[in-house]
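For reference, the structure is listed below as structure tokens.
The values are calculated or read from the model by the stated rules, or taken from the named source; none is laboratory data. None of the values given here were measured: they were computed from a predicted structure. So basically every Cβ, Gly included, is an ideal-geometry build from the backbone, and we count neighbours across all protein chains shown.
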Amino acid sequence: MTKNSASKTFITTLLCLAPVLATANETEASAIPVTVEPVATKSITQHIEEVGKITAHDSANLTFSAGAKIKAIHFNDGEAVEAGTVIAELDSTKAKADYDKAQSSLKLAETNLARTLNLLAKQPDALSPQDVDGIREEVNLAKADFRQKEATLKDYTIVAPFDGRLTTFSYSVGSHIDASTPLVSLFKLDPVKVTYSISQEDLGKAHKGQAASVTVSAYPNQEFTGQVNYIAPAVDDSSGRVEVNANINNPNLTLAPGMFADVRHKLEVAKQQLVVPQTAIVAHNDTRYIWVIKDNKPTRKTVTLGANTNDGYVAVNSGLNKGELVVTAGQHKLNENVTVKVMDQPLKETEEDS
């Protein structure tokens, strides 16, 4: 082959390839840039999220069982008390005198009985059985009278029935207060109780002992944990929902009765589920779909979504397979007739909008 012939052949080849190269360049230039992420698996625990209200675990209006002048109040408004601590006392002068008299009478009757039994041990016929029974009965009567006077004396004091925090005292020292009139209230605040309701659909998955946690607007970055301890046995007629209570740990007494709380009720043990980034979800009316990329070609797949993981991902119950590449940015320009270019870096705003 001559030099001229070789040159002609080379030029002819280039002319033939030019349209192909041009088409390839045009295809690459027209490819839509997208970012993708593979469908992964994640350990997910299903939760119920509801709004509840904080109440005290226990509460009581503290009253005297007797009426008299208040002698002493041993705590200030709002202070914490332990179970069994004396909170306040009435003037119990007469009741204490009656108690002391009954105690003395009991000791005298018991001493008389002891002497009688010692005498009978030495002289079995010194007293008749009826006399001995009479002495025993005097002891029994003295015991009963002492117990009654002891109980009456206790009516003049208020003792904390459980650990808790006091409210404001309604009366002060020196004031007269009638029996059964509330002096102060006591709230047990560790744990506290959160009350909320769940749907009938969730009832079959909820049970006592499941974990629950709350957050409140006053402390948005702090989570308080506890356990479900009550599920109502019947559905509420007016709301169609089921009441649930959970005990929530409150060691620093941070949570207060009356607070509204965001409740997370853990329904079941964590299990592996397919997840995709929330940015991959495209909504159209009630349908949710995702663009999947294979060989630089997009395919739209309808999916059924599960629980939100609260870390930027959402569970997929059906419609995808593990490892498929889903579009996380750029999907608003896609259809099934275009070609895409998978980008290694996140798309810039200009790339997403162009």
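Details
- Among the strands (runs of 3 or more DSSP E) confined to segment 1-107, the ones with at least 1 residues that are at pLDDT below 95 and within 30 Å of Pro257 (Cβ to Cβ) are located at 47-63.
- Qualifying residue in segment 37-53 (condition: within 25 Å of the chain's Cα centre (by Cα) and within 29 Å of Thr152 (Cβ to Cβ)): no
- Cβ-Cβ distances below 6 Å connect the following pairs, each with a first residue in segment 293-315 that is within 19 Å of Lys266 (Cα to Cα) and assigned by TED's automatic domain parsing to the domain that holds Thr35, a second residue that is in a strand (DSSP E or B) and basic (Lys, Arg), and a separation of six or more residues or different chains: Leu305/Arg288.
- In this entry, Ser30 is excluded by the filter for residues that are surrounded by fewer than 13 Cβ atoms within 10 Å (Cβ to Cβ), under 24 Å from the mean Cα position of the chain (by Cα) and either among the small types (Gly, Ala, Ser) or not assigned by TED's automatic domain parsing to the domain that holds Val276 (or both).
- Residue match in segment 215-238 (condition: of a type in the set (D, E, K, R) and touching a residue at least 60 places away in the same chain (Cβ under 8 Å)): no
- Annotation: of all residues in segment 153-164 being more than 12 Å from Ile87 (Cβ to Cβ) and touching a Phe, Trp or Tyr at 6+ places or on another chain (Cβ under 8 Å), the one that is surrounded by the fewest Cβ atoms within 10 Å (Cβ to Cβ) is Asp155.
- Restricting attention to segment 168-205, the residues that are under 30 Å from Arg264 (Cα atoms) and either out of contact with any strand residue (DSSP E or B) (no Cβ under 9 Å at 6 or more places or on another chain) or in a loop (DSSP other than H, G, I, E, B) (or both) add up to 4.
- Qualifying positions in segment 156-167 - of a type in the set (Val, Ile, Thr) and in a loop (DSSP other than H, G, I, E, B): Thr167
- Total residues in segment 200-213, condition at pLDDT 95 or above and either over 12 Å from Asn245 (Cα atoms) or in contact with an Asp or Glu (Cβ under 6 Å, 6 or more places away or on another chain) (or both): 1
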